[in-house]
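Note sheet for the following structure.
Since every read-out is calculated from the coordinates, none of them should be taken as a lab result. Model, not experiment: these values are computed from the prediction. No Cβ is skipped: glycine too gets one built from the backbone with ideal geometry, and neighbour counts run over all protein chains shown.
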């Protein structure tokens, strides 16, 4: 049982939360205690605590344990562009991790590539491939792929979007030089989201709206990195007004939670300097954790209740997960308790305290 200010589907309520593996009851009572929120869901995370998912099973499990300490009770293990044999090994490692003791915190895979624009790789290693349904089918056979990021202007991209959408994969536009019309064609074909909005895509110009303009005009879902480096807070506030399903992601890499120094990002070696991670002068993922994302959003004017829902309920709905993302009877008891400063006090995964 937990006592405190519980975020229910109807708002905050002071009371007692009864749970085992699932939430059993919420009892209103005049009690004091921490904020009790649904566990955070991170749909774009490469690593943390010095490890990354491209290492295989051990790297995936270490990444999960690191982010659990920061309130993330479910994540998509996110790959980077790599030679096919390395991608295949990484996916096999993710599948094994999902079958292991930490699998209940793994939601599946986010393939960030390899079908990216060679001109918008950013910090992605230089191994992009042209869209190819046969390659995609091979990758999908190795692990539960839930999200694929691709560049819609590439030859064959629309065919691949149809192929993926028919298999229930959520296609996101990212690492792309597409113009507005090319990106709109991708949405009309079955793409549904935008990867790290504003970053590694064509920006908004009043005569050439680009991918950003399309997202702001008609996007239903998009992820965004609220670390204060990737996107200005004013641009985040704009996106919150325009995109109903905007949800934060960490885009965390191995350097998250580590001292300044050099860390892996697939085939690259990137440098953590203070709060940023850099490949030369380009940002290379982030050191963000979702508890810090919550604090940032609240500091930038987002109400706590809304910020918490965007970190839990919104990504759950995006992936079609009905058993988590909110605190209500019958839902998984994936919970995070925060103090007055919104610092993590306790974390529960299926009712078991893990941090």
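Quick one: Cα centre-to-centre distance for region 87-112 and region 17-73, in angstrom?
Here the answer is 16 Å between Cα centres.
At a Förster distance of 35 Å, what's the computed FRET efficiency of residue 217 paired with residue 84, Cβ-Cβ distance as r, to 0.05?
Numbers: r = 36 Å, r/R0 = 1.02.
FRET efficiency, residue 217 to residue 84: 0.45.
Please give the residues of region 49-92, grouped as numeric ranges, whose backbone N is less than 14 Å from a label point set 7 Å along the Cα-to-Cβ vector of residue 167.
88, 91-92
Could you check the simple spin-label distance between residue 306 and residue 242, using points 7 Å along Cα→Cβ, in nm with one decimal?
Going from the residue 306 label point to the residue 242 one covers 1.6 nm.
If the chain between residue 135 and residue 20 were fully stretched, how many nm would it gain, using 0.36 nm times the residue separation less the Cα-Cα distance?
37.2 nm
For the chain, just the Cα atoms, rotate onto the principal axes and tell me the three extents in Å, largest first.
Its Cα atoms span 61, 44, 41 Å along the three principal axes.
With the contact rule set at Cα under 8 Å and sequence spacing of 6 or more, what percent relative contact order holds for region 97-162? The partial results should precede the final answer.
Details: 68 pairs, mean separation 26.1, N = 66.
Worked out over region 97-162, it gives 40 percent.
Roughly what would the spin-label model give for residue 262 and residue 29, points 7 Å off Cα along C-beta, in nm?
So the label points at residue 262 and residue 29 sit 5.6 nm apart.
I need the semi-axes of the equivalent ellipsoid of region 248-355: take the C-alpha gyration tensor, multiply each eigenvalue by 5, square-root it, list largest first in whole angstrom.
Values: eigenvalues 169, 49, 41 Å².
Output for region 248-355: semi-axes of 29, 16, 14 Å.
At what distance in nm do the modelled label points of residue 352 and residue 340 sit from each other, each positioned 7 Å from its Cα along Cα→Cβ?
About 3.5 nm, to one decimal.
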